[in-house]
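Participant: Right, I'll just put the structure down here and ask away after.
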Amino acid sequence: MIRRYYIMGVVGVGKSTLREQLRSQLSTASVYEEWPEAMASEVLCARESMSARNAEEIQDWIFSQLATKNKLILEDKASLQIVDRSPLDTFAFYPPQEWKMRARQMMDALYMKAATPLAPGEFIFLTGSPKTIHERMDAARNYSINAIAQQQSSFEILADYLLEKHDYSVSRIDVRDLSSQEIEDFALDIITWDSYNSLDTDTVVRELV
């Protein structure tokens with residue numbers, strides 16, 4: 001059986017740091033970065049600072065990247081996979097009334113690349129204090145505390161939706177007041193000791209369409 005863990009959460013919460021920690025600790029795991037190709041610089045910016053045209057161009061790029069990564073993941077036979085950012089994270093960047101449209105765009109992108117379903121997996125949700133996240137965020141990421149707080153609220157809405165509509169509870173790690181080592185330890189406990197709790201992401205998106 002393949003066990004696949006998606007690391008989800010707001011920009012700057014520590015997903016990439018945790019990914020690299022798990023890479024070093026889980027030598028047999030396949031580890032996937034957020035984007036399979038070089039990241040467009042505009043992706044670093046909050047949507048509120050983009051023009052409508054740029055935002056849509058970036059979203060097209062993101063969906064294309066998602067489709068490429070999903071294909072690579074499904075072709076990977078490693079029994080343990082760690083994935084930085086889940087396909088469902090996309091919805092947390094938009095209000096719920098746009099989810100249907102974004103789900104349709106996601107499905108279109110997937111089938112342009114290859115007619116493959118979204119890879120299922122367990123979701124590890126990193127959450128924290130917007131103020132703390134902002135203070136340690138790279139200056140290149142043009143996000144205000146308010147933008148981070150709004151994004152965090154959107155992730156909570158997404159987690160609540162999964163619980164209400166799909167009876168799925170994400171594995172949550174509140175990173176505030178935790179050291180990097182403590183966050184790693186919590187994640188390793190989830191992966192090593194907890195029962196594997198996979199979500200059928202493809203069904204989630206198709207039901208939104």
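Participant: Find the residue count for segment 69-100, including only residues that are assigned to a helix (DSSP H, G or I) and closer than 19 Å to Phe155 by Cβ.
Facilitator: Just the residues of segment 69-100 that are assigned to a helix (DSSP H, G or I), to begin with: 69-75, 87-93, 96-100.
Then drop every residue that is not closer than 19 Å to Phe155 by Cβ, which leaves 87-93, 96-100.
The number of residues fulfilling the criteria is 12.
Participant: Also: Can you name the residue in segment 147-161 that is under 16 Å from Ser86 (Cα atoms) and polar (S, T, N, Q) and, of all such residues, is surrounded by the fewest Cβ atoms within 10 Å (Cβ to Cβ)?
Facilitator: The residue in question is Ser154.
Participant: Quick one: in segment 115-129, which of the residues that are assigned to a loop (DSSP other than H, G, I, E, B) and either in contact with a strand residue (DSSP E or B) (Cβ under 7 Å, 6 or more places away or on another chain) or of a type in the set (D, E, K, R) (or both) is surrounded by the most Cβ atoms within 10 Å (Cβ to Cβ)?
Facilitator: Applying the filter and picking the extreme gives Ala119.
Participant: Same structure again: Condition first: surrounded by fewer than 18 Cβ atoms within 10 Å (Cβ to Cβ) and closer than 22 Å to Glu207 by Cα. Can you find one or more residues in segment 73-93 that meet it?
Facilitator: Yes, that holds for at least one residue.
Participant: Let me ask another. Quick one: would you say Ser144 is at pLDDT 95 or above, surrounded by fewer than 17 Cβ atoms within 10 Å (Cβ to Cβ) and polar (S, T, N, Q)?
Facilitator: Working: at pLDDT 95 or above: no; surrounded by fewer than 17 Cβ atoms within 10 Å (Cβ to Cβ): yes; polar (S, T, N, Q): yes.
Considered against the rule, which asks whether it is at pLDDT 95 or above, surrounded by fewer than 17 Cβ atoms within 10 Å (Cβ to Cβ) and polar (S, T, N, Q), Ser144 comes out as no.
Participant: Going by the structure shown, is Met112 loosely packed, with under 15 Cβ neighbours inside 10 Å, part of a loop (DSSP other than H, G, I, E, B) and modelled with pLDDT under 95?
Facilitator: Criteria not met by Met112.
Participant: Spot the failing condition for Leu44; the list is (1) of a type in the set (A, V, I, L, M, F, W, C); (2) modelled with pLDDT of 95 or more; (3) more than 26 Å from Tyr168 (Cα to Cα), and only one is missed.
Facilitator: If we test Leu44 against (1) of a type in the set (A, V, I, L, M, F, W, C); (2) modelled with pLDDT of 95 or more; (3) more than 26 Å from Tyr168 (Cα to Cα), just (2) comes out false.
Participant: Has segment 74-90 got any residue that is at pLDDT below 90, farther than 28 Å from Ser169 by Cβ and of a type outside the set (A, V, I, L, M)? Before the answer, list the steps.
Facilitator: Going residue by residue through segment 74-90, those that are at pLDDT below 90 are none.
There is no residue in segment 74-90 that is at pLDDT below 90, farther than 28 Å from Ser169 by Cβ and of a type outside the set (A, V, I, L, M).
Participant: Could you list, in sequence order, the residues of segment 161-191 that are closer than 15 Å to Phe93 by Cα and of a type in the set (D, E, K, R)?
Facilitator: Once the filter is applied, which keeps residues that are closer than 15 Å to Phe93 by Cα and of a type in the set (D, E, K, R), segment 161-191 yields nothing.
The values are calculated or read from the model by the stated rules, or taken from the named source; none is laboratory data. All values reported here derive from a predicted model rather than from experimental measurement. So basically every Cβ, Gly included, is an ideal-geometry build from the backbone, and we count neighbours across all protein chains shown.
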